[in-house]
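I have placed the structure first, in the form of structure tokens, so that the comments after it can refer back to it.
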């Protein structure tokens, strides 16, 4: 990735930093950046669309790395609401904890959270892989359409409420399942997917066989008067 370029948010405005990262010279091999002193700023590294590595040293606010494409973004701290929201590709790695709606509506790529996430992690996820080494809050994977969520800790209330075709792998205790979400039997293909995701997040201390898988019971796909109480 070449020379490390240092960007200090005490010396440059957030707009200047984001503008630089969003508009890289395609002929340049400068693709390695360090962003310091984020001090809770919102939308740090939002809208990046090129291959690059960005290390953010410190805590950030809302929508960090939103709409990411191709970039590898690492945050050495905690993140606010909506980290990696609407991400298309690339990797976002949070070394701390994440607030609510982590990975919301994301179509692709991988979000790794070393700590815990708050409520609605993976809400309306559309193809992203989310790997949480800690626990997730209530209503995580609400209306999750596609992709995979791995939770090494516990899950809060109403996991997978109104889920479509996403797959949820949880190692710990699930407080309750949401409407139309049920435990599924893991087949060989599911096990390989889980093993691959654990490897991607460098999780070597857990066996894939210790996880349970959850998905859609498919009762809410079409209106059925017998299930009216579920709507």
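Can you find a residue that is surrounded by fewer than 20 Cβ atoms within 10 Å (Cβ to Cβ) and within 23 Å of residue 137 (Cβ to Cβ) anywhere in region 25-40? Looking through region 25-40, at least one residue is surrounded by fewer than 20 Cβ atoms within 10 Å (Cβ to Cβ) and within 23 Å of residue 137 (Cβ to Cβ). Would a scan of region 50-58 turn up a residue that is farther than 20 Å from residue 136 by Cβ, in contact with a helix residue (DSSP H, G or I) (Cβ under 9 Å, 6 or more places away or on another chain), modelled with pLDDT of 95 or more and not in a loop (DSSP other than H, G, I, E, B)? Looking for residues that are farther than 20 Å from residue 136 by Cβ, in contact with a helix residue (DSSP H, G or I) (Cβ under 9 Å, 6 or more places away or on another chain), modelled with pLDDT of 95 or more and not in a loop (DSSP other than H, G, I, E, B), one finds at least one in region 50-58, hence yes.
Determine whether region 95-115 contains at least one residue that is at pLDDT 95 or above and more than 24 Å from residue 18 (Cβ to Cβ). Step through it out loud before you land on a result.
Step one: filter region 95-115 for residues at pLDDT 95 or above, giving 95-115.
Filter again for more than 24 Å from residue 18 (Cβ to Cβ), leaving 114-115.
Yes; the residues of region 95-115 include at least one that is at pLDDT 95 or above and more than 24 Å from residue 18 (Cβ to Cβ).
Among the residues of region 111-129, those that are farther than 15 Å from residue 67 by Cα, crowded, with 24+ Cβ neighbours inside 10 Å and in contact with a strand residue (DSSP E or B) (Cβ under 7 Å, 6 or more places away or on another chain) comprise 113, 117, 121.
Restricting to region 13-24, what's the tally of residues that are surrounded by 15 or more Cβ atoms within 10 Å (Cβ to Cβ) and part of a loop (DSSP other than H, G, I, E, B)? Count: 1.
Would a scan of region 112-135 turn up a residue that is assigned to a loop (DSSP other than H, G, I, E, B) and in contact (Cβ under 8 Å) with a residue 60 or more places away in the chain?
As a first pass, look at region 112-135 and keep what is assigned to a loop (DSSP other than H, G, I, E, B): 114-116, 118-125, 133-135.
Next, only the ones that are in contact (Cβ under 8 Å) with a residue 60 or more places away in the chain stay: 133.
Yes, some residue in region 112-135 is assigned to a loop (DSSP other than H, G, I, E, B) and in contact (Cβ under 8 Å) with a residue 60 or more places away in the chain.
Within region 59-77, can you find the residues that are part of a loop (DSSP other than H, G, I, E, B) and either modelled with pLDDT under 95 or crowded, with 21+ Cβ neighbours inside 10 Å (or both)? Lay out the reasoning, then the answer.
Here is the first cut: in region 59-77, the ones part of a loop (DSSP other than H, G, I, E, B) are 59-71, 77.
Hits for region 59-77 are 60, 63, 64, 65, 66, 68, 71.
The values are calculated or read from the model by the stated rules, or taken from the named source; none is laboratory data. Note that the coordinates shown come from a computational prediction; the quantities given were computed from them, not determined experimentally. Heads up, the Cβs are rebuilt from the backbone with ideal geometry, glycines too, and the neighbour counts pull from every protein chain shown.
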